[in-house]
Amino acid sequence: MPLVAPFRTSFGVETERDVLLVRAATPDGDGWGECVAMSEPLYSPEYADGAADVIARFLAPRLLAAGEVGPLDVARLLEPVRGHRMAKAALETAVLDAWLRARDESFGSYLGAVRDRVPAGVSVGIMDSIPALIDAVAGYLDQGYLRIKLKIEPGWDVEPVRAVRERFGSEVLLQVDANAAYTLADARVLAALDDFDLLLIEQPLAEDDLRQHAELARLLRTPICLDESIESAKDAADALLLGACRIINVKPGRVGGYLEARRIHDLAQAHGAAVWCGGMLETGLGRAANVALAALPGFTLPGDTSASDRYFAQDVTSPFVLEDGHVAVPTGAGLGVEPLPDVLVSLTTSTTWLPAG
Ligand code: NPQ
Ligand code: MG
């Protein structure tokens, strides 16, 4: 799917989204799951073609051999296969969607949503110049986005943050995301961001730098939020108790699914830590489930739950839109949205059918 504009982060520039969808065909009807792996292993070790391969060869066969499978069975059946959380999440989501549609219950209701709409934030890529960044942020604020996240990297950090604060004022909810681009040796630059009253700094150091994040946290006033480092509820417990972060960006794909994502929510709530729902440039299918998750009570910060048109001119489902800076939680059964058949056909480059038995 072509992106409406190139999206640049500290790990590269993306101009299109390679999307992998899973359809679970069951006697009671279909269910959908979106695998959030990128086309290249730059955000995490998983990548779309690899996820399709591990699903076809190792994961789906375990489910298909298990007979009747409910949503609570999937993680246990796939547990012997190490890693590949994004691939596993797509399968679990497809099974959960089919199961919920058959029961006529929505994702939000099942997960424990307490809101019918969620505040929307937007992630703003690294730009070629400060004026270009100011224009982009102005456009998103005009559309009503309630929180701005600036992507940063060494050389694009203090000055863009200063420029956005000076132009739009101290009231704008503002945060930054480094996608692991710094080391502890950069602590002084990162501490310079303390002057700008940011909500948080997301994943400044490498994903396996939990101890270093705890050390950095002692040098900063701005709360550290972890994204790439948190692959499970166990990781979340370790990070919170180590003092590596005070906030967690919950991405269901990164942690193996919506059920594990909910465990992280519950754990963080018990710990008194805030969570928010991240984004991986999902189509309307993944976005629907994210918005449902973001409606849980512990999701107290706006997420990267943007409208469809932040990324796509034509979404796979009917689009999610911004209303008064919020996105509505779907109320229909399961995800509450389905692929538009013509759009799905026009975008599909390959299909693999994995028969049961
Ligand atoms: C993050 N997302 O929070 C990610 C990273 C990210 C919305 O900032 C293609 C597919 C490009 C997935 C670029 C946001 C991507 C991607 C960035 C995910 O770290
Ligand atoms: Mg991030």
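The values are calculated or read from the model by the stated rules, or taken from the named source; none is laboratory data. Because the structure is predicted, anything quoted here is derived from the model rather than measured. Reconstructed Cβ throughout: ideal geometry from the backbone, glycine too, with neighbour counts over all protein chains shown.
Overview of results
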| item | result |
| --- | --- |
| Elements of type helices (runs of 4 or more DSSP H) in region 249-357, at least 1 residues being of a type outside the set (D, E) and closer than 28 Å to L141 by Cβ | 284-293 |
| Condition broken by D324, with the remaining ones in (1) surrounded by 11 or more Cβ atoms within 10 Å (Cβ to Cβ); (2) within 23 Å of A113 (Cβ to Cβ); (3) among the acidic types (D, E) satisfied | (1) |
| Selection within region 106-134 - in contact with a strand residue (DSSP E or B) (Cβ under 8 Å, 6 or more places away or on another chain) and not hydrophobic (A, V, I, L, M, F, W, C) | S106, D116, R117, P119, G121, S123, G125 |
| Selection status of P302, away from ligand 1 (no atom under 15 Å from the Cβ) and not acidic (D, E) | no |
| Condition met for G112 (of a type outside the set (A, V, I, L, M) and farther than 25 Å from V321 by Cα) | no |
| Hits in region 60-100 - residues which are over 22 Å from G334 (Cα atoms), among the basic types (K, R) and in a helix (DSSP H, G or I) | R62 |
| In region 175-191, residue nearest to ligand 2 (Cβ to nearest atom) [restricted to those that are under 13 Å from L220 (Cβ atoms) and in a helix (DSSP H, G or I)] | L190 |
| Which listed residue is within 18 Å of V22 (Cα to Cα), crowded, with 20+ Cβ neighbours inside 10 Å, among the hydrophobic types (A, V, I, L, M, F, W, C) and outside the structural domain of V172 (by TED's automatic domain parsing), from L340, L335, L344 | L335 |
| Any hit, region 210-217, residues being within 14 Å of ligand 1 (Cβ to nearest atom) and modelled with pLDDT of 95 or more | no |
